[in-house]
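*Asks:* Input: one structure, supplied below.
Read-outs: derived from the displayed coordinates by stated rules, not from any lab. Computed from a predicted structure; not experimentally measured. All Cβ positions, even for glycine, are placed from backbone atoms using ideal geometry, and neighbour counts span all protein chains on display.
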Amino acid sequence: MAEKTSPGRKQGLTAIDGALALIALLLIVQMWLLTATLESYLAGHHEVALPAAIISGVIFLVCGGLYLFVARIDSEARQADGETSTSNERPE
Amino acid sequence: MRFFRHSSQDPLWQDEFSIHAADERYVSRRQFTKFLVLTSLGMFVGNTWILVRSLLSRRPGYSEKNICSASDVPVGGVWLFRYPTEKDPCILIRPDEQTYVAYSQKCTHLSCAVYYARKKNRLECPCHEGYFSVRNGDVLQGPPPRPLPRVILERRGDQLVAVGMDSGKET
């Protein structure tokens, strides 16, 4: 009993999937960065900590931005759905 | 920050537990995205923690410490001591008549104690067969990721004095 998805929803889902893939990719980079920084720190190389923290912060901000993008797409798709269902309603 | 509130006009519980299948797919993706962003925040916090730790723990100034007199160590022999603190075991080696070298005794892999293999003239870690050069502490073989930290020695008359540490670079 599959429910029919509106074109707006489909586009929204595609955009969300794309954003999700990008976030996952950034997260892998951030994981590697944290591991490498920890290894360097334990080896006594403290000079890498600052650039690593800055890059990690930038990646987090990009991920946050993508999350806001996902939320906005979601909101717009819901609004579009609401308008479509209102216009398709049969007048009484 | 209106984006962080639920995006539709419905109450939040209706948003999260929708009766429509398509909405369910939406919610799971949104929640997963939120989870990933929180994970990203956690790793940023981890990096910031490392930064704070490295700023707070600046390299300590090493004190000088008498180890032993040069004649105490025979050629091909070793002398165990602790430097810079009592928790840091080190090994002094005299590979030939005029040469004295000292390294931290903790293997850089998993901190097992390394020992001097005189016949092969190298430092060996018995746990995972990591071998280090006696000349400069470099990794010769095995899993250790970096050379052994070297103790900087000075010879004052017959006395051998430790004056600092030189942590090995990444290989």
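*Asks:* Each residue of region A:55-60 in order: what ³J(HN,Hα) in whole Hz does its phi give by Karplus 6.51 cos²θ - 1.76 cosθ + 1.60, θ = phi - 60°, with x for Gly and Pro?
*Replies:* 5, 4, x, 5, 4, 4
*Asks:* Between B:Arg156 and A:Ile55, what is the spin-label point distance in nm, taking each point 7 Å from the Cα along the Cα→C-beta axis?
*Replies:* Taking the simple label geometry, B:Arg156 and A:Ile55 are separated by 4.4 nm.
*Asks:* Still on this structure, please answer the following. Would you mind giving the mean number of other chain beta-carbons within 10 Å of the Cβ of each residue in A:10-20, as a whole number? Could you put the intermediate results ahead of the total?
*Replies:* Details: counts 1, 0, 3, 4, 0, 0, 6, 1, 0, 3, 5.
Rounded to a whole number, the mean comes out at 2.
*Asks:* Starting with the fewest neighbours, write out B:Ile91, A:Ile23 ranked by other beta-carbon atoms found within 10 Å of each beta-carbon. Spell out each step's value before the answer.
*Replies:* Numbers: B:Ile91 21, A:Ile23 26.
Lowest to highest Cβ neighbour count: B:Ile91, A:Ile23.
*Asks:* Gap in Å between the Cα centre of region B:75-114 and the Cα centre of region A:40-56?
*Replies:* 28 Å
*Asks:* OK, next. Using +1 at the C-beta of Lys and Arg and -1 at the C-beta of Asp and Glu, which of B:Leu160, B:Leu55, B:Val139 has the Cα lying farthest in the positive direction of the dipole of region B:38-171?
*Replies:* B:Leu55
*Asks:* Also, quick follow-up: Quick one: Karplus J couplings for region B:107-117, per residue in order, coefficients 6.51, -1.76, 1.60, θ = phi - 60°, nearest Hz, x for Gly and Pro?
*Replies:* These are the phi-based 3J(HN,Hα) values: 4, 6, 7, 9, 6, 5, 7, 8, 10, 8, 8 Hz.
*Asks:* Looking at the calculated P(r) for region A:27-73, what percent of the C-alpha pair distances fall above 11 Å? Show your work: numbers first, answer last.
*Replies:* Numbers: 732 of 1081 pairs.
Percentage above 11 Å: 68.
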